[in-house]
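Worksheet: one structure, shown below.
The values are calculated or read from the model by the stated rules, or taken from the named source; none is laboratory data. Computed from a predicted model, the values in this text were never measured in an experiment. Please note: Cβ atoms are built from the backbone with ideal geometry, for glycine as well, and neighbour counts cover all protein chains shown. Please note that ligands, DNA and RNA were not included when accessible areas were found on the heavy atoms of the full protein model with its side chains. Shrake-Rupley method; radii C 1.70, N 1.55, O 1.52, S 1.80 Å.
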Amino acid sequence: QPDSKIPQDPLEPLLLALSSAYRDGEDLGKRLRELFEVLDVDHSGTLSCDEFSVAVRKLNFTPPIYFSPSDFDEITREGSLCDYEGCLTPVAFELAMRERLHRYALNRLAGFKNQRPDQAEMSQVFALKALLLCNRSVL
């Protein structure tokens, strides 16, 4: 069994913060655009693998986020979301992060099977699962 203190996803601290903060799809989009601006330290309007990796490490998370080139390949669908220079545009970044959030939420829901949540928690889990399965665009 993996150590529960080691994130399964290198972006887990960021995903947890995002998933806890947004109110709806529009608010999430706004937060992702703001995050993109923070990560785009050279103000080029795109995020390279190196820029993304260095910038997320500097975010105030404990433990710090270490994001490898293979992690970047994964979130960019092996580069298919990248522009001709191999960078993420704001639109592609938002899509990649929404996909990552969706997967994170599903993984969190799946984790409940190993716990003994009370009836109220189970109701919330089932409601969340129904929302995720019925309408991915909410994220």
> Tell me, what is the 1.4 Å probe accessible area of Glu99, in Å² to the nearest 10?
Replying inline: 50
>> Could you report the accessible area of Cys87 in Å², rounded to 10, computed with a 1.4 Å probe on the protein chains as they sit in the structure?
In response: 20
> Magnitude of the Cβ-charge dipole of segment 6-108, K/R +1 and D/E -1, about the Cα centre, nearest 20 debye?
Replying inline: 460
> HN-Hα J couplings of segment 14-19 from phi, Karplus 6.51/-1.76/1.60, θ = phi - 60°, integer Hz, Gly and Pro as x?
Replying inline: 5, 5, 4, 4, 5, 5
>> Taking the full set of protein chains and a 1.4 angstrom probe, give the accessible area of Tyr66 in square angstrom, rounded to the nearest 10.
In response: 140
>> With a 1.4 Å probe and all protein chains kept in place, how do Thr76, Thr62, Thr89 rank by accessible area, largest first?
In response: Thr62, Thr89, Thr76
